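A.B. asks: One structure is given below, represented as C-alpha coordinates, and several questions about it will come after.
The values are calculated or read from the model by the stated rules, or taken from the named source; none is laboratory data. Here the structure is a predicted model, which means the values were calculated and not measured. All Cβ positions, glycine included, derive from the backbone under ideal geometry; neighbour counts span all protein chains shown. We work out accessible area using only protein heavy atoms, side chains counted, and drop any ligands, DNA or RNA first. Shrake-Rupley method; radii C 1.70, N 1.55, O 1.52, S 1.80 Å.
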Amino acid sequence: MLNDGIISGEQLTPGAPWRIRLTDELKARFNGETSDDFLPMREAMRALGISRQTVLQRVKRGELEAVHVVRGKQKGLHIKVLAPQSRC
(Lines give C-alpha, C1' and ligand atoms only; values in the text may rest on other atoms or scores of the structure.)
Protein backbone atom coordinates (compact mmCIF):
# COMPACT_ATOMS: atom_id res chain seq x y z
CA MET A 1 0.00 0.00 0.00
CA LEU A 2 2.97 2.28 0.51
CA ASN A 3 4.23 1.47 -3.00
CA ASP A 4 0.77 2.04 -4.48
CA GLY A 5 0.48 5.41 -2.72
CA ILE A 6 -2.62 4.43 -0.77
CA ILE A 7 -0.92 5.32 2.48
CA SER A 8 2.09 7.53 3.02
CA GLY A 9 5.09 6.91 5.19
CA GLU A 10 8.69 7.83 5.57
CA GLN A 11 11.87 5.80 5.74
CA LEU A 12 15.00 7.37 7.23
CA THR A 13 17.37 5.22 5.17
CA PRO A 14 16.84 2.42 2.64
CA GLY A 15 16.09 -0.83 4.48
CA ALA A 16 14.99 0.96 7.65
CA PRO A 17 11.46 0.39 9.00
CA TRP A 18 8.74 2.58 7.55
CA ARG A 19 7.15 5.22 9.78
CA ILE A 20 3.44 5.66 9.19
CA ARG A 21 1.46 8.32 11.04
CA LEU A 22 -1.90 6.93 12.15
CA THR A 23 -4.37 9.77 11.81
CA ASP A 24 -8.14 9.51 12.15
CA GLU A 25 -8.40 9.97 8.37
CA LEU A 26 -6.02 7.06 7.73
CA LYS A 27 -7.84 4.83 10.24
CA ALA A 28 -11.14 5.59 8.49
CA ARG A 29 -9.71 4.22 5.24
CA PHE A 30 -9.37 0.75 6.82
CA ASN A 31 -12.77 -0.51 7.89
CA GLY A 32 -15.39 -3.15 7.23
CA GLU A 33 -18.12 -0.95 5.82
CA THR A 34 -18.43 1.37 2.88
CA SER A 35 -21.24 3.31 1.32
CA ASP A 36 -22.96 2.21 -1.89
CA ASP A 37 -20.81 4.49 -4.07
CA PHE A 38 -17.69 2.38 -3.26
CA LEU A 39 -17.21 -0.66 -5.50
CA PRO A 40 -14.84 -3.63 -5.17
CA MET A 41 -11.74 -3.24 -7.35
CA ARG A 42 -12.96 -5.50 -10.20
CA GLU A 43 -16.34 -3.78 -10.41
CA ALA A 44 -14.67 -0.36 -10.31
CA MET A 45 -12.36 -1.41 -13.16
CA ARG A 46 -15.38 -2.44 -15.25
CA ALA A 47 -17.38 0.66 -14.37
CA LEU A 48 -14.50 2.98 -15.25
CA GLY A 49 -13.29 0.94 -18.23
CA ILE A 50 -9.66 1.03 -17.06
CA SER A 51 -7.05 -1.45 -15.81
CA ARG A 52 -6.23 -2.22 -12.17
CA GLN A 53 -2.92 -0.38 -12.54
CA THR A 54 -4.66 2.74 -13.84
CA VAL A 55 -7.12 2.64 -10.92
CA LEU A 56 -4.20 2.43 -8.47
CA GLN A 57 -2.39 5.28 -10.23
CA ARG A 58 -5.50 7.46 -9.96
CA VAL A 59 -5.81 6.60 -6.25
CA LYS A 60 -2.15 7.52 -5.77
CA ARG A 61 -2.69 10.89 -7.52
CA GLY A 62 -5.78 11.56 -5.39
CA GLU A 63 -8.19 11.38 -8.35
CA LEU A 64 -10.05 8.40 -6.85
CA GLU A 65 -10.83 7.59 -3.24
CA ALA A 66 -10.10 4.09 -1.89
CA VAL A 67 -10.94 2.24 1.32
CA HIS A 68 -9.41 -1.06 2.45
CA VAL A 69 -12.26 -3.37 3.48
CA VAL A 70 -11.98 -6.59 5.51
CA ARG A 71 -15.01 -8.88 5.72
CA GLY A 72 -14.17 -12.22 7.28
CA LYS A 73 -11.41 -13.79 5.19
CA GLN A 74 -12.08 -11.46 2.26
CA LYS A 75 -10.16 -8.22 2.04
CA GLY A 76 -9.41 -5.70 -0.64
CA LEU A 77 -9.75 -2.17 -1.91
CA HIS A 78 -13.10 -0.60 -2.62
CA ILE A 79 -12.99 2.39 -4.94
CA LYS A 80 -15.37 5.34 -4.89
CA VAL A 81 -16.76 5.54 -8.40
CA LEU A 82 -18.66 8.65 -9.34
CA ALA A 83 -21.30 8.44 -12.04
CA PRO A 84 -20.26 10.32 -15.18
CA GLN A 85 -21.61 13.86 -15.32
CA SER A 86 -24.10 14.50 -18.06
CA ARG A 87 -23.35 17.45 -20.33
CA CYS A 88 -25.88 20.24 -20.59
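A.B. asks: With a 1.4 Å probe and all protein chains kept in place, how much accessible area does Met41 have, in Å² rounded to the nearest 10?
C.D. replies: 20 Å²
A.B. asks: Next question, about the same structure. Check Leu39: other-chain or 5+ apart residues with amide H under 5 Å from its amide H, H built from backbone geometry?
C.D. replies: So Leu39 has HN proximity to Ile79, Lys80, Val81.
A.B. asks: Sticking with the crude label model, points 7 Å out along Cα→Cβ, report the distance from Arg46 to Asp24 in nm, one decimal please.
C.D. replies: Label at Arg46, label at Asp24, 3.7 nm between them.
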